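These notes are about the structure you will find just below.
The values are calculated or read from the model by the stated rules, or taken from the named source; none is laboratory data. Predicted model, so just to flag it, every value in this text is computed and none were measured. Every residue, glycine as well, gets a Cβ built from its backbone with ideal geometry; the counts of neighbours run over all protein chains shown. When the accessible area is computed, the model is the full protein with side chains, heavy atoms only, and any ligands, DNA or RNA have been set aside. Shrake-Rupley method; radii C 1.70, N 1.55, O 1.52, S 1.80 Å.
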Amino acid sequence: MTIKQIFSEYFPKLKHKSLSPFLDIEIILSKTLNKPKEYLYEYSEKKLLTKQLTFFKKLFSRRLKGEPIAYILGYKEFYNLNFKVNKNVLIPRPETEVLVDKVIKYCQEKIPNSQFQIPIIDIGTGSGCIIISLAKNIKNAKFFATEISVNALKVAKQNAKLNNVKINFLKGNLLEPITNYKLLITNYIIVANLPYLTTKEVNNPILKYEPKVALDGGQGGLKYFYELFDQIEKFAIEPKAIFLEIGYNQAARIKKIVKKVLPEYKFEVKKDLSGFDRVLKITK
Ligand SMILES: C[S@@+](CC[C@H](N)C(=O)[O-])C[C@H]1O[C@@H](n2cnc3c(N)ncnc32)[C@H](O)[C@@H]1O
């Protein structure tokens, strides 16, 4: 079967199962042949070898069942960097790039170019996409990340190596591992994309391949925000700034949770490219 014939035979099968059937086939074929997309058009009459066709069919059937293309490829691009992904980590989302942008901008404006390296802590690091992107773009900081899932931590560590940055990865519940780490408790930046979907939203079939622990924020979606600010209160932590990724309808409720613990802090809500509230910036 030629490349051209693959497109005409497999496109109709995927048409109603994917929002981007053509692109998916392009990507799977490029992966199968280990060639860039342009090759598919330049050599559209080229026949696939039997073992290539078998490999293509295997990947295609995974996509047909609804598995995200990032898991099939085993990587995802985020903030112009490549990240290994597997079923143990959330696939990095473009909306999260807004969070990374805001933290970088804040550091450029507010962190003086001094000898002191401000600690930046990413909570619930997953693939490590946030903290690694920050480490690539911020010079005068030290980077820490916590994560409850051992398997996710493995992926994050591989990604740090892949992208050539040094991150201190710590296993544990939210901020707990940090408090054992003898850091200053008043002068650091917290960044987090916590699970914030409601349990009902997590049952959306489109999310069935991703880990529940990365998505499920409990009945109202805010379980981890309550717990994080309980910890901030319990450990008497006064961060310089906190950046949280939030759900489109959560800003007001999260502000309430924060105000109880950090009444003097200021808030700013940032929107994503679709115009939805996406990042809550909390500063002293
Ligand atoms: C929404 S995902 C974000 C992953 C990654 N930071 C990103 O933006 O793609 C939330 C992450 O928090 C982790 N997590 C869940 N509960 C946690 C807890 N109690 N303490 C630390 N991490 C937790 C999950 O395993 C998951 O990796």
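What pairs in K110/K256; K46/K161; K154/K200; K13/K270; K154/K284; K58/K171 have C-alpha atoms more than 32 Å from each other? Checking Cα-Cα distances, K46/K161; K13/K270; K154/K284; K58/K171 exceed 32 Å.
At full extension, E201 and M1 could sit 67.8 nm farther apart than now, given 0.36 nm per residue minus the alpha carbon distance. Per residue, the chain exposes 53 Å² of solvent-accessible protein surface, assessed with a 1.4 angstrom probe and all protein chains in place.
Scanning the chain for GluC sites (Glu not before Pro) lying in DSSP loops with no more than 13 further Cβ atoms inside 10 Å, the longest uninterrupted stretch between such sites is 46-263.
With all protein chains in place and ligands, DNA and RNA left out, the 1.4 Å accessible area ranks V269, V279 as V269, V279, largest first. In straight Cα distance, which aspartates and glutamates are under 17 Å from K37, not counting same-chain residues fewer than 8 positions off? Within the straight-line cut-off, K37 pairs with D24, E26, E45, E77. Bridges between two residues of the chain, per DSSP, are antiparallel at a rate of about 45%. For every other residue with a beta carbon closer than 13 angstrom to the beta carbon of N187, add +1 if it is Lys or Arg and -1 if Asp or Glu, then tell me the sum. For residues surrounding N187, the net value is +3. Label separation (A252 vs K271): 1.7 nm, computed from points 7 Å beyond Cα along the C-beta direction.
With a 1.4 Å probe and all protein chains left in place, how much of the accessible area of the chain comes from carbon and sulfur atoms, in whole percent?
On the chain, the fraction of accessible area on carbon and sulfur atoms equals 52 percent.
Estimated at the nearest 10 Å², the accessible area of D230 is 90 Å² with a 1.4 Å probe.
Charge dipole of the chain (Cα centre as origin; +1 on each Lys and Arg Cβ, -1 on each Asp and Glu Cβ, all else neutral): 560 debye, rounded to the nearest 20.
Here the contact order of the chain, divided by its residue count and restricted to Cα pairs under 8 Å and six or more residues apart, works out to 14 percent.
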